[in-house]
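Asks: Structure in structure tokens, see below.
Nothing in this text is a laboratory measurement; each read-out follows from the coordinates by a stated rule. Given the structure is predicted, the values throughout are model-derived calculations rather than measurements. Please note: Cβ atoms are built from the backbone with ideal geometry, for glycine as well, and neighbour counts cover all protein chains shown.
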Amino acid sequence: MASPSLHSLPGGLAVATNSLYSCSNFLPTPPHSSPPRSNSSLITRSPRNLCDRKTMSTSAQASSSLPPLPEDRIVLGCGAVSVDFLAAVASYPNPDDKTRSTSAKLQGGGNAGNALTCAARLGLKPRLISKVADDPQGKGLIEELEADGVDTSFLVVSEGGNSPFTYIIVDNQTKTRTCIHTPGFPPMIPDDLSTSNLLAAISGARLVYFDGRLHETALLVAQEANRRAIPILIDAERKREGLDDLLSLSSYVVCSAKFPQASLGFIKAA
């Protein structure tokens, strides 16, 4: 991964930019040389594919000389979780084409879900504020997050509706991905998060993370974090409704390489 570029905003806001999305080797290529008659045997449900065992082992060895993590290492996140249906193809199809996948996976996704899963695997204690439905996809998301050590006590589960899901086409030729997202229904609103749950969720947190989604609820959480002088980290993937309000309260911003130029008017130095 390329080293991020750092920029400063008025008020001392730090912005780290990087191109985070590379789909090289994102899905394994099956051993056969020709497409199978059916892809059903290739579809697997797997945990969030964020870091492999070798990487985790290497990281653990590298951090063995570091001081132990403090007990109060709670991270609160507010944002999206999603079921991801991933299909890798040799090349992206043209309109009205039919093509076969080279491999497929079903796993949890969503920026907040992924970020907090990483935090849990690094030894932190993440809590998540988000919303799913009581459908099989929502239940699977909760089970997967809890298995990784993410506290889902503050996750809202609606009766009926649908959990968020995304179809992701991974182009092995260009090493890119295309996402087709279907939001959850009913959407999360501020009334879904009671004052008592908000205060319980943020209690003891050392950092609060937002991915820019669920903006009305996120703003309530950010305002409470700001009152308590808890650092706020924003994952600014792209311009979204309500993002400016969150940015005005943020301590740190992580974004894609295109976000500053498109949304904040930065021009990359020659």
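Asks: Sort 215, 181 so that the residue with the fewest other Cβ atoms within 10 Å of its own Cβ comes first and the one with the most comes last. List each step's numbers first, then the result.
Replies: Working: 215 19, 181 14.
Fewest-to-most ranking of 215, 181: 181, 215.
Asks: What's the exposure ranking of 127, 227, 73, going from fewest to most Cβ atoms within 10 Å?
Replies: The order, fewest Cβ neighbours first, is 227, 73, 127.
Asks: Once you have the Cα-Cα distance between residue 220 and residue 92, take 0.36 nm times their residue separation minus that, and quote the gain in nm to one decimal. Write out the running numbers ahead of the final one.
Replies: Numbers: separation 128, 0.36 × 128 = 46.08 nm, distance 4.07 nm.
Extra length available between residue 220 and residue 92 comes to 42.0 nm.
Asks: Quick check on region 164-259: of the DSSP beta bridges with both residues there, what percent are antiparallel, nearest 5%? Numbers along the way, then the final one.
Replies: Working: 7 of 14 bridges.
Taking every DSSP beta bridge within region 164-259, about 50 percent pair in antiparallel fashion.
Asks: Using 7 Å Cα-to-Cβ label points, what is the residue 238/residue 180 separation (nm, one decimal)?
Replies: If labels sit at residue 238 and residue 180, their model points lie 1.6 nm apart.
Asks: Past 26 Å, Cα to Cα: identify those pairs from 105/239; 175/239; 105/175; 105/131; 105/258; 131/239, in the order given.
Replies: 105/239; 105/258
Asks: Got the relative contact order for region 107-238 handy, in percent, Cα pairs under 8 Å and 6 or more residues apart?
Replies: On the way: 188 pairs, mean separation 25.2, N = 132.
It rounds to 19 percent for region 107-238.
Asks: Please get the size of the charge dipole for region 162-270, origin at its Cα centre, with Cβ charges of +1 on Lys and Arg and -1 on Asp and Glu, quoted in debye to the nearest 20. Intermediate values should be presented prior to the final figure.
Replies: Values: 11 positive and 11 negative charges, 97 e Å.
My answer is approximately 460 debye.
Asks: Then there's this: Run through region 174-263 and list the chymotrypsin sites (Phe, Trp or Tyr not before Pro) located in a DSSP loop whose Cβ has at most 12 other Cβ atoms within 10 Å. Don't jump to the answer; show the numbers that get you there.
Replies: Values: sites: 209, 210, 252; in loops: none.
The qualifying sites: there are none.
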